[in-house]
Amino acid sequence: MVAPVWLRFRQGRNGGRRERVILAMGLHAIAFASAALFLQAPLRQIEFLIGSWTGSLKTASGTVAISLENKRTYRDSFVSSTIRASVPGVISANESCYIWWDPAAGAFRSWAASDLSDQPREEVGKLKDSSLAMVSLPWTVRGAAQTTMRTFTPLPNGKLRLKLDVREGDKWISQAETDLVRAK
């Protein structure tokens with residue numbers, strides 16, 4: 001009669017130590033994968049962000065060209081975001097951002113670095129209806145302290161609406177809004 005696999009692990013030449021280590025590593029890998037899937041589940045709710053997006057925005061300084069690239073990264077635990085905005089010959093701005101789910105807070109979080117500020121921007125976000133609204137902690141942009149809110153809304157026509165608001169007192173003031181199209 002052949003002993004079951006779990007029993008054979010205990011009967012090795014070295015008292016089963018190597019086999020127990022292998023078994024423990026396997027169990028650890030299963031537990032880690034289960035935890036990773038649990039943590040990643042909320043990120044599936046913002047799957048609409050993933051992809052390459054382009055658009056433009058008319059301002060007093062001219063037309064701002066916008067490109068946004070969002071992708072899953074680090075075992076799908078984060079959404080990595082890169083945004084570029086420019087008015088040719090006038091100004092350009094670049095930003096890199098990571099969005100993740102914080103289970104302790106029950107909220108999305110992000111940290112962003114931009115050439116508009118010498119400090120990172122930290123945001124906390126929630127889904128409301130189908131929109132993701134990310135509200136910043138106070139941060140300094142070109143010497144001025146401000147609180148901002150970026151809102152991403154998937155549209156039925158396959159576009160992505162990007163809206164930027166700035167907090168003034170107890171009110172949100174709209175600064176910009178545009179519909180981005182998925183880049184080919």
Exercise. Of Ala85, Ala107, Ala60, which residue is touching a residue at least 12 places away in the same chain (Cβ under 8 Å) and under 21 Å from Thr178 (Cα atoms)?
Worked result: Ala85
Seminar exercise, completed: Filtering segment 155-166 down to residues that are among the charged types (D, E, K, R) and not in a strand (DSSP E or B) yields Lys159
Exercise. Regarding Ile99, is this residue surrounded by 18 or more Cβ atoms within 10 Å (Cβ to Cβ), at pLDDT below 95 and either in contact with a Phe, Trp or Tyr (Cβ under 7 Å, 6 or more places away or on another chain) or at negative phi (or both)?
Worked result: no
Seminar exercise, completed: Residue set Ser86, Ser81; condition polar (S, T, N, Q) and under 11 Å from the mean Cα position of the chain (by Cα); output residue Ser81
Exercise. Being farther than 18 Å from Val64 by Cα, more than 21 Å from the chain's Cα centre (by Cα) and aliphatic (A, V, I, L, M), is that true of even one residue in segment 150-168?
Worked result: no
For this session: State whether the residues of segment 138-154 include one that is touching a residue at least 12 places away in the same chain (Cβ under 8 Å), assigned to a loop (DSSP other than H, G, I, E, B) and either in contact with a strand residue (DSSP E or B) (Cβ under 7 Å, 6 or more places away or on another chain) or polar (S, T, N, Q) (or both).
Result: yes
Exercise. So is Phe108 in contact with a helix residue (DSSP H, G or I) (Cβ under 8 Å, 6 or more places away or on another chain), within 17 Å of Leu57 (Cβ to Cβ), at pLDDT 95 or above and assigned to a strand (DSSP E or B) or not?
Worked result: no
For this session: Name every residue in segment 111-137 that is among the hydroxyl-bearing types (Ser, Thr, Tyr) and either in contact (Cβ under 8 Å) with a residue 40 or more places away in the chain or not in a strand (DSSP E or B) (or both), in order of residue number.
Result: Ser117, Ser130
Problem set entry | Of all residues in segment 58-85 being of a type in the set (D, E, K, R) and not in a strand (DSSP E or B), the one that is nearest to Arg161 (Cα to Cα) | Asp76
Problem set entry | Residue in segment 37-57 that is touching a helix residue (DSSP H, G or I) at 6+ places or on another chain (Cβ under 9 Å), farther than 27 Å from Arg167 by Cβ and at pLDDT below 95 present | no
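The values are calculated or read from the model by the stated rules, or taken from the named source; none is laboratory data. Bear in mind that the values here come from a model prediction, so they are computed numbers and not experimental data. Please note: Cβ atoms are built from the backbone with ideal geometry, for glycine as well, and neighbour counts cover all protein chains shown.
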